[in-house]
Amino acid sequence: MRIIKKYQWLLLSILFTAALISIRMVRTDSLHFLSIEWNLFLAAIPLFVSHFLAKSKTRISGGLLFGLWLLFFPNAMYIITDLFHLSEGAPIPQWYDLLILFTAAVNGAVMGLISLQNAERYLDKIMPLKYVPFVVFGLFLLCGYGIYLGRYRYLNSWDIITRPRALAWGVIMNLRHPLRYEQVWMITGLFGTWLYIVYAWFKKLKTTSGNNNPN
């Protein structure tokens, strides 16, 4: 498929991480890090969806794809928090686990950044360009809040369907009593702002690289 060819080096990096995890599971006879592979799969969903979102022809199809993309987008950045799983007491060298967690985090972040770049092409088509940076920053704030929900409330993207009451009640409580949930807004704001800065740098890097390409 064309999409595989386009992201072949990213796919190779993901397979490298998956191989590290498989070796770890065999050596330790434990499925402890299997969740990392699942998180990588979830992180790939927004990238896959965004590939078609950028090419959407109608507002209806574009709106549905954008909603699906936004639902899974935080999963790509959430993998960064899997670094919490690093411990000194593991039955395998700590540097090996660090390599697994770091490569998984980088792969997830890159998939998320590329998917947002695809989504931004869609936004460019449906709204004035001057508003797009503000919308993108808002998306990163939502992503930061999604990271909080996943790491500390153990809520997933599909809980909007399977556990809508739990999800809605948690969000309502955070909004009704913001001063009680300082950690929520710190995670949301700091992660969101940092990811926006990284995204701006990522876009600048790609633009510079493209301008220097003799082809």
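Take the residues in segment 155-198 that are of a type in the set (Phe, Trp, Tyr) and either within 23 Å of Ile79 (Cα to Cα) or in a loop (DSSP other than H, G, I, E, B) (or both), then tell me which one is farthest from the chain's Cα centre (by Cα).
Tyr181
Taking the options Ile4, Ile45, name whichever one is exposed (fewer than 12 other Cβ atoms within 10 Å of the Cβ), under 23 Å from Trp69 (Cβ atoms) and not basic (Lys, Arg).
Every option except Ile4 fails the conditions.
Which of the residues that make up segment 159-170 are free of Cβ contacts under 8 Å to residues at least 40 places away in the same chain and either loosely packed, with under 15 Cβ neighbours inside 10 Å or touching an Asp or Glu at 6+ places or on another chain (Cβ under 8 Å) (or both)?
Ile161, Thr162, Arg163, Pro164, Arg165, Ala166, Leu167, Ala168, Trp169
Which one of these does Phe41 not meet: (1) touching a Leu at 6+ places or on another chain (Cβ under 9 Å); (2) without any contact (Cβ under 8 Å) to a residue 60 or more places away in the chain?
With respect to (1) touching a Leu at 6+ places or on another chain (Cβ under 9 Å); (2) without any contact (Cβ under 8 Å) to a residue 60 or more places away in the chain, Phe41 is out only on (1).
What number of residues within segment 53-64 are surrounded by fewer than 21 Cβ atoms within 10 Å (Cβ to Cβ) and either of a type in the set (A, V, I, L, M) or under 20 Å from Ile14 (Cβ atoms) (or both)?
Residues meeting the conditions: 3.
Show the residue pairs meeting these rules: Cβ distance below 8 Å; 6+ apart or different chains; first residue within segment 123-138 and closer than 18 Å to Ala54 by Cα and without any contact (Cβ under 8 Å) to a residue 40 or more places away in the chain; second residue in a helix (DSSP H, G or I) and among the acidic types (Asp, Glu).
Val132/Glu120; Val132/Asp124
Among the listed residues Leu99, Leu64, identify the single one that is touching a residue at least 40 places away in the same chain (Cβ under 8 Å) and in a helix (DSSP H, G or I).
Within the list Leu99, Leu64, the selection yields Leu99.
Among the residues in segment 110-117, are any among the aliphatic types (A, V, I, L, M), free of Cβ contacts under 8 Å to residues at least 60 places away in the same chain and part of a helix (DSSP H, G or I)?
There is no residue in segment 110-117 that is among the aliphatic types (A, V, I, L, M), free of Cβ contacts under 8 Å to residues at least 60 places away in the same chain and part of a helix (DSSP H, G or I).
For Ser13, indicate whether it is surrounded by 15 or more Cβ atoms within 10 Å (Cβ to Cβ), out of contact with any strand residue (DSSP E or B) (no Cβ under 8 Å at 6 or more places or on another chain) and outside any helix (DSSP H, G or I).
On the way: surrounded by 15 or more Cβ atoms within 10 Å (Cβ to Cβ): yes; out of contact with any strand residue (DSSP E or B) (no Cβ under 8 Å at 6 or more places or on another chain): yes; outside any helix (DSSP H, G or I): no.
No.
Just name the residue that is farthest from Pro93 (Cα to Cα) out of those in segment 24-61 that are assigned to a loop (DSSP other than H, G, I, E, B) and not polar (S, T, N, Q).
Once the filter is applied, the top-ranked residue is Lys57.
Just need a number here: residues in segment 75-128 that are among the polar types (S, T, N, Q), exposed (fewer than 15 other Cβ atoms within 10 Å of the Cβ) and in contact with a Ser or Thr (Cβ under 9 Å, 6 or more places away or on another chain).
1
Taking segment 44-69 on its own, how many of its residues are farther than 22 Å from Val106 by Cβ, at pLDDT 90 or above and touching a Leu at 6+ places or on another chain (Cβ under 7 Å)?
Number satisfying all stated conditions: 5.
The values are calculated or read from the model by the stated rules, or taken from the named source; none is laboratory data. Treat the numbers as computed from the prediction; the structure is a model and nothing was measured. As a convention, Cβ positions derive from the backbone with ideal geometry for all residues, glycine included, and neighbour counts pool all protein chains shown.
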